[in-house]
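Beneath this line is the structure, given in structure tokens, with notes to follow.
Read-outs: derived from the displayed coordinates by stated rules, not from any lab. Here the structure is a predicted model, which means the values were calculated and not measured. Cβ sites come from the backbone with ideal geometry, for glycine too, and all protein chains shown count toward neighbours.
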Amino acid sequence: MWWARLKALIVKELLAVLRDPKGRTILIGPPIIQLLVFSYAATLEVKNVDLIVLNRDAGHWSQELVQEIGGSPTFRRIGFAMSPGEVRQAIDAQRVLAALEIGPGFSRDIEAGRPAKVQVILDGRRSNASQIVSGYLGRIVATLAARTPAGERAVSDAVRVEARNWFNPNLTYQWFMVPNLVASIALLIGLIVTALSVARERELGTFDQLIVSPLRTHEILLGKLIPPMMIGLFHITIYILAAVFVFGVPLRGSLFLLYGSAVFYLAAVVGIGLFISALSMTQQQAILGAFLFMVPAMLLSGFATPIENMPGWLQPVTFINPLRYFLVIVKGVFLKDLPLAEVARQTAPLLLIALVTLSAAAWLFRRRLE
Amino acid sequence: MIVARPSRKSRGGGSRRFAALVRKEIYQIIRDPSSILIAFVLPMILLFLFGYGVSLDTTRTRIGLVVEDETPLTRDLAASFEASRYFAVIEGRHRRDFEDDLVLGRVRGLVVIPASFAADLAAGREPTVQVLVDGTDPNTANFVLNYAQGAIANWERQRSNEGLANPPAIAAEQRFWFNAELTSRNFLVPGSIAIVMTLVGTLLTSLVVAREWERGTMEAMMATPVSAAELLAGKLLPYFILGLTSMTLCVLIAVFLFDVPFRGSVVALYVLSAAFLMPALGQGLLISAVTKNQFLASQLALISGFLPAFLLSGFLFEINSMPTVIQWITYVVPARYLIPSLQTVFLAGDIWPMFAQAITVMLLIGSIFFALAARNTRKRIS
């Protein structure tokens, strides 16, 4: 009996979202486009860098340095400046990210076995890219230094750094980005669909009809909880397929663990969405409320920047953010074969968030009833 | 709630009519808590997050350090890792001790000084240090490697100063212009101001106008003697002012709370912002005219306005590193032109040739959006 009632409500909810062709398009098209565009666009790798060289040295060592840089795949165009003023202009107008100044005594110093110097100027307005480029240039300079007469003598006691990357040997950026997007886009969709479902009914006045129907509060809540979760799981499935088959992200852990925790994640997300919509009186408020939660949730999740980079007093705020936990799970299951115990440890807070927000939403609905 | 006084056609009051329209919009903004939310509360939260929360500066990254053989020499090298301000070091004897920590993300990387290190160095056999990093976050992985190399280079420099080792044959001296300390806040905060203006210009405007379409008040207004151009201008002027106001608030916070340097002129700041609000408002108007529905408008504003301003503008991710097709898409994202200019106004000063180009393109994109919006609005009435 109660199941039939609940089923009717779920069908009605799904229809409300999917009936409208524009609504249908917006739920399916953009998330997939986002996944494709953003996973290619959002890269902190630095490629195609333009560089300008001010070479005051006549010897062949400076030529060699420039050639060495030109041969690196990171750099796209190398321009030559005649004066420091030209260097300044090129950097000011962001025509280049970096400039290299080689002094007149460069080759002479090298031939004489004296330590030689080059100056690297980088655009601090793009400090992240600049830092990475400075690392690359440092390595190119070190390679050249090892070939100089003094370098050949010193090479024996220079410390060699042997670098190895675990879980992602070539540091492929998409292996990082796609699992992150799986979790974030599910948050985006889940939150908006849920936040609107109650607010729309309130605005149209059908929520009161729902409340006076034979449905009990928890049934209404379940009816509002399950359809967005179904939509969310549908999206997660598409993204996982795309991650594996389009982007070639290795799925090293258990798919079962991933789906198991995804259910709790979506319950937490939808719980938050229902709580927001229980608080808001109009659709506009619900949309903005969802947005107000979503932006900090994205930024304080460890997606854009690691949580441990944040100041100590801000880190506890991330504890109430479901994305924070699910990101660890998705990335962990995909790349690290995260063990069951750890997945459970990250899922427990999700369950707690879901319980708290759903009870709060139920309380708010019931209060409205009285 | 609508116009305070009906316009009197006899006195030709075009400007009065316009003033009434603007007044009506201003009342609506002031009375609607959600406008205040988008224009003031959300910007503060965003700025706050970018000022404190989002930091690309990797400080105190937790790493494991394995010293396989304890000698004065390896102790000395280990000390240079411990002294680095980029690392929080946990020491261990075996790399096995850290394998679980790496899987669970408790450490981001592992530095191993092998047992043979001291002997290799003494014998001139290329002593090696292994750096193993967690590749699941490639950016942090790169930084860990760079900083580990930095710590080793420091140690070698110390030894060469003490006459224990040869100095490097070529030293690269680095200088970072405009932001010598490499504080990521200094470029993130100016960038986030562009995102705030996208919120006001595109998201808020599209929501408000879509609501009017939904409720039918837009048609009601069109039935009045107000011309379509007046109607649109009257709608947009208050949001234009709102956008500039919230930008001003953000700049004040950036400069006085976050100590972001401001080296350019206030004139440049306002001219750039005003030029940017054209495409932002135009896009908001176009979205509402096409969707005429709040839910769809909010989704479209999010997808075509907010997210591209975030991800396809060079704010966080380098446009040059993106695949060519995606680079083409970035050309129509207005924030792409504003963000480097804003960063320049803050950190470098007024570089007008750069600004002039940005302003021209933004106005061009703006006029295309307006033309499209006007076409879609007119079609509806006929």
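Based on other C-beta atoms within 10 Å, arrange B:Met218, A:Met230 from fewest to most. Numbers along the way, then the final one.
Numbers: B:Met218 21, A:Met230 14.
Least crowded to most crowded, the residues run A:Met230, B:Met218.
Evaluate the relative contact order of the stretch A:49-157 (contact order divided by residue number), counting alpha-carbon pairs under 8 angstrom at least 6 apart; express in whole percent. Each step should come with its number before you reach the end.
Details: 155 pairs, mean separation 32.0, N = 109.
Relative contact order for the stretch A:49-157 comes out at 29 percent.
Please work out whether chain B counts as rounded, prolate or oblate from its C-alpha gyration tensor, where a ≥ b ≥ c are the square roots of the eigenvalues and a/c under 1.5 means rounded, while otherwise a/b larger than b/c means prolate and anything else oblate?
On the way: a/c = 3.36, a/b = 2.81, b/c = 1.20.
Because a/c hits 1.5 or more and a/b exceeds b/c, chain B counts as prolate.
Run through the DSSP bridge list for the protein assembly as shown and note the antiparallel percent, rounded to the nearest 5.
20 percent
How large is the helix-only mean residue ellipticity at 222 nm for chain B, computed as the sum of -39500 (n - 2.57) over DSSP H runs with n ≥ 4, divided by its residue count, in deg cm²/dmol to the nearest 500? Intermediate results must be reported in sequence, preceding the final value.
Numbers: 17 runs with 225 residues, N = 382.
The helix-only estimate for chain B comes to -18500 deg cm²/dmol at 222 nm.
So, with +1 on the Cβ of K and R and -1 on the Cβ of D and E, and no other charges, what is the size of the charge dipole of the protein assembly as shown about its Cα centre, to the nearest 20 debye? Intermediate results must be reported in sequence, preceding the final value.
Numbers: 67 positive and 52 negative charges, 733 e Å.
The calculated dipole for the protein assembly as shown is roughly 3520 debye.
For chain B, take the longest principal axis of its alpha carbons; what is the angle in degrees between that and the long axis of helix B:72-83, to the nearest 10 within 0 to 90?
10 degrees
Amide H neighbours of A:Ala163 under 5 Å, at least 5 residues apart or on other chains, H built in the peptide plane: list them.
HN-HN under 5 Å from A:Ala163: B:Val131.
Assuming R0 = 41 Å, what is the FRET efficiency of A:Asp208 and A:Leu251, from their Cβ-Cβ distance, to the nearest 0.05? Before the final figure, lay out the partial values.
Numbers: r = 47 Å, r/R0 = 1.14.
According to the calculation, E is roughly 0.30.
How many percent of DSSP beta bridges within chain B run antiparallel, rounded to 5? Walk me through the intermediate numbers first.
Numbers: 4 of 15 bridges.
Of the beta bridges lying entirely in chain B, close to 25 percent run antiparallel.
For chain A, what is one quarter of the convex hull surface built on the Cα atoms, given in nm²?
On the way: hull surface 97.0 nm².
Orientation-averaged projected area of the Cα hull: 24.2 nm².
Report, for the stretch B:61-161, the % of DSSP beta bridges that are antiparallel, rounded to 5.
Details: 4 of 15 bridges.
Among the beta bridges of the stretch B:61-161, antiparallel pairing accounts for roughly 25 percent.
Check which residues have an amide H placed less than 5 Å from B:Gln174's amide H, if you skip close sequence neighbours.
For B:Gln174, the qualifying residues are A:Val120.
Suppose the chain between B:Asp259 and B:Arg215 were pulled fully straight at 0.36 nm per residue; how much longer would it get relative to their current alpha carbon spacing?
Fully extending the segment from B:Asp259 to B:Arg215 adds 11.3 nm.
What number, in percent, do you get for the relative contact order of chain A if the mean sequence gap of Cα pairs under 8 Å and at least 6 apart is divided by its residue count? Write down the numbers at each step before the final one.
Working: 459 pairs, mean separation 64.2, N = 370.
Result for chain A is 17 percent.
To the nearest 0.05, how large is the calculated FRET efficiency for B:Leu364 and B:Glu181 if R₀ is 45 Å and r is the Cβ-Cβ distance? Walk me through the intermediate numbers first.
Details: r = 37 Å, r/R0 = 0.82.
Calculated value: 0.75.
On a 0 to 90° scale, report how tilted helix B:228-252 is relative to the longest principal axis of chain B, with both axes built from alpha carbons and the result rounded to the nearest 10.
Approximately 30 degrees, to the nearest 10.
What is the calculated FRET efficiency for A:Gln315 to B:Leu237, with r their C-beta to C-beta distance and R₀ = 56 Å, to the nearest 0.05?
It comes to 0.85.
Below 15 Å Cα-Cα, how many Lys pairs turn up in the protein assembly as shown? Only count pairs eight or more apart in sequence, or on different chains, if you could. Mind showing how you got there, number by number?
Working: A:Lys7/A:Lys224; A:Lys12/A:Lys224; A:Lys22/B:Lys292; B:Lys24/B:Lys235; B:Lys292/B:Lys379.
Counting lysine pairs in the protein assembly as shown gives 5.
Ignoring trypsin sites (Lys or Arg not before Pro) that are buried or in helix or strand per DSSP, and keeping those with at most 10 other beta carbon atoms within 10 Å, what is the longest stretch of chain B between them? Don't jump to the answer; show the numbers that get you there.
On the way: sites that count: B:Arg8, B:Lys9, B:Arg11, B:Arg85.
That would be B:86-382.
Tell me, what is the percent relative contact order of chain B, built from C-alpha pairs under 8 Å that lie six or more residues apart?
Here the relative contact order equals 17 percent.
Mind listing the long-range amide H neighbours of A:Val49? Cut-off is under 5 Å, sequence gap 5 or more, other chains count too, H placed in the peptide plane at 1.01 Å from N.
A:Phe75, A:Arg76
Hey, what angle do you get for helix A:322-331 against the long axis of chain A, alpha-carbon based, 0 to 90 degrees rounded to 10?
The helix A:322-331 is inclined about 60 degrees to chain A.
Identify the residues of the stretch A:325-349 with backbone N under 17 Å of a label point that sits 7 angstrom from the Cα of A:Tyr259 along the Cα-to-Cβ direction, or state none.
A:330, A:333-334
Using just the helices of chain A, give the 222 nm mean residue ellipticity in deg cm²/dmol: DSSP H runs with n ≥ 4 each add -39,500 (n - 2.57), and the total is spread over all residues, rounded to 500. Could the numbers behind the result be given before it?
Numbers: 14 runs with 241 residues, N = 370.
Computed mean residue ellipticity for chain A: -22000 deg cm²/dmol.
The stretch B:298-341: which chymotrypsin sites (Phe, Trp or Tyr not before Pro) are DSSP loop and have at most 14 other beta-carbon atoms within 10 angstrom?
Passing sites in the stretch B:298-341 are B:Tyr331.
Contour minus end-to-end for A:Leu340 and A:Glu162, with contour as 0.36 nm per residue of separation and end-to-end as the Cα-Cα distance? Present the calculation step by step, with values, prior to reporting the outcome.
Values: separation 178, 0.36 × 178 = 64.08 nm, distance 3.23 nm.
Fully extending the segment from A:Leu340 to A:Glu162 adds 60.9 nm.
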